[in-house]
1. For the stretch B:40-60, which positions are touching a residue at least 40 places away in the same chain (Cβ under 8 Å), surrounded by fewer than 21 Cβ atoms within 10 Å (Cβ to Cβ) and at the interface with chain A (Cβ under 8 Å from one of its Cβ atoms)?
2. Please go through the stretch B:80-120 and pick out each residue that is more than 8 Å from chain A (Cβ to nearest Cβ) and aromatic (Phe, Trp, Tyr).
3. If you take just the strands (runs of 3 or more DSSP E) that sit entirely in the stretch A:7-112, which of them hold at least 2 residues that are away from every other protein chain (no Cβ under 14 Å)?
4. Kindly check whether there is at least one residue in the stretch B:66-78 that is within 12 Å of chain A (Cβ to nearest Cβ) and modelled with pLDDT of 95 or more.
5. Checking residue B:27 against (1) surrounded by 15 or more Cβ atoms within 10 Å (Cβ to Cβ); (2) within 11 Å of chain A (Cβ to nearest Cβ); (3) in a loop (DSSP other than H, G, I, E, B): exactly one of these is not met. Which one?
6. So which of A:104, A:16, A:73, A:89 ends up being among the small types (Gly, Ala, Ser), touching a Gly at 6+ places or on another chain (Cβ under 9 Å) and either modelled with pLDDT of 95 or more or more than 25 Å from residue B:3 (Cβ to Cβ) (or both)?
7. Residue under question is residue A:87, and the condition is that it be farther than 27 Å from residue B:94 by Cα and among the acidic types (Asp, Glu); does it hold?
8. Of all residues in the stretch B:94-121 being more than 14 Å from the chain's Cα centre (by Cα) and closer than 15 Å to residue B:8 by Cα, which is surrounded by the fewest Cβ atoms within 10 Å (Cβ to Cβ)?
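The values are calculated or read from the model by the stated rules, or taken from the named source; none is laboratory data. Everything quoted here is computed from the prediction, not taken from an experiment. Glycine also receives a Cβ, built like all others from the backbone with ideal geometry; neighbour counts cover every protein chain displayed.
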Amino acid sequence: DIVMIQTPLSLSVTPGQPASISCKSTRSLLDSDGRTYLYWYVQKTGQPPQVLIYEVSNRFSGVPDRFSGSGSGTDFTLKISRVEAEDVGIYYCLQSTQLPLTFGGGTKVEIK
Amino acid sequence: EVQLVESGGGLVNPGGSLRLSCAASEITVSNVRMSWVRLAPGKGLEWIGRIIPNTDGGTTAYAAPVKGRFIISRDDSENSLFLEMNSLRPDDTAVYYCAASMWRGVTAPSYWGQGTLVTVSS
């Protein structure tokens with residue numbers, strides 16, 4: 001199985017400051033079809049997860065442009081350019097290139 | 001607006017069985033890849049398994065911890081997804097989410113239900 005390693009475990013950010021979460025996979029997520037199936041989700045307290053980024057760098061409908069994703073192969077990053085209070089939650093990366101799908105362990109983002 | 005509504009959660013004894021349902025609206029479960037994902041207390045998200053459209057083979061796939069114990073199925077006439085859980089263990093205690101992918105040929109979820117809590121305890 002592909003293991004997804006997320007760092008840091010938690011992040012405390014001053015509103016208006018940037019934040020960055022890393023996700024590394026134990027195998028390349030580049031599929032034979034040329035696409036990379038790496039996704040980012042956030043789960044806020046009491047809510048189901050919601051997708052932020054699909055296929056590395058594409059923002060899902062309605063996601064603010066302060067969220068961006070980048071990376072390739074085994075190394076990926078989610079960046080929040082200016083953290084807002086509503087961004088509090090647990091962020092997960094997910095790989096869908098190979099079964100079974102596997103999530104990173106999660107990064108808890110808090111506001112200072 | 002796509003809606004996925006889970007039901008069927010509750011308290012069950014170790015070794016027991018439970019069947020979860022997921023009713024979908026504004027999305028046709030037979031046409032998209034549907035998954036179950038769970039969130040155990042104090043842990044992270046865990047993908048359990050998925051079912052794909054009949055046009056792509058209609059097959060299921062499962063994560064190792066549930067393979068042989070859990071079965072994913074759907075009822076196209078009811079536009080619903082199911083998760084039959086057998087030989088339940090305390091570490092199966094979790095909120096179970098039904099999820100659908102809007103992306104053709106992709107399993108990663110884009111829509112999620114609110115979840116239903118399953119507690120396995122004597």
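1. B:46
2. Scanning the stretch B:80-120 gives B:82, B:96, B:111.
3. Per the criteria, A:10-13, A:19-25, A:67-72, A:75-80, A:107-111.
4. Yes, the stretch B:66-78 contains a residue that is within 12 Å of chain A (Cβ to nearest Cβ) and modelled with pLDDT of 95 or more.
5. All conditions are met except number (2).
6. A:104 is the lone residue from the list that is among the small types (Gly, Ala, Ser), touching a Gly at 6+ places or on another chain (Cβ under 9 Å) and either modelled with pLDDT of 95 or more or more than 25 Å from residue B:3 (Cβ to Cβ) (or both).
7. Here the answer is no, as residue A:87 does not meet what is asked.
8. By that ranking, first place goes to B:119.
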